[in-house]
Amino acid sequence: QVQLVESGGGLVQTGGSLRLSCAASGRGFSSYATGWFRQAPGKEREFVAFIGWDGSITYYAEPVKGRFTISRDYAKNTVSLQMNSLKPEDTAVYSCARKIRSGIYYSAGLYDSWGQGTQVTVSS
């Protein structure tokens with residue numbers, strides 16, 4: 001069983017940067033694709049970024065393309081999300097999850113082992 005724990009969130013001004021980390025414990029993480037999703041108050045959860053199990057494939061939501069970078073470190077068993085040029089609309093709780101079913105990468109229903117999330121707040 002895999003447990004995921006997110007960290008690295010916080011309060012930052014517009015234009016600032018944060019690096020989120022998704023740390024896995026247990027077996028069965030490094031051989032699966034991983035996604036980052038976010039949920040803002042009063043809004044539905046939305047896809048942010050995806051990385052394949054071997055790190056060779058990445059996808060990003062349009063609003064974060066060119067600003068966010070997803071990567072994985074097999075030695076540390078983590079997946080990170082580097083967020084630059086942050087905007088107030090990036091404010092949300094960010095969660096990572098493991099993709100366990102085949103299908104489109106941005107579908108949250110194909111993921112499991114959701115972490116508790118980490119709050120990101122971008123002030124204007």
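No value in this document is a laboratory result; all are computed from the given coordinates. If you're wondering where the values come from, they're calculated on a predicted model, not measured in any experiment. Positions of Cβ are generated from backbone atoms using ideal geometry, with glycine treated the same way; all protein chains shown enter the neighbour counts.
A few remarks follow.
- Paramagnetic reach from W114 in segment 7-44 [backbone N under 14 Å; point 7 Å along Cα→Cβ]: 35-44
- Counting every C-alpha pair in the chain, the share spaced more than 20 angstrom apart comes to 35%.
- C-alpha center-to-center spacing [segment 90-124, segment 1-27] in angstrom: 11
- Segment 10-18 - phi-based ³J(HN,Hα) in whole Hz, Karplus 6.51/-1.76/1.60, Gly and Pro as x: x, 9, 9, 7, 3, x, x, 10, 9
- Computed over segment 85-124, the ratio Rg/Rh where both radii use C-alpha atoms and Rh is Kirkwood: 1.10
- Taking amide hydrogens as placed 1.01 Å from N in the peptide plane, the amide H of Y111 sits under 5 Å from those of I100, each at least 5 positions away in sequence or on another chain.
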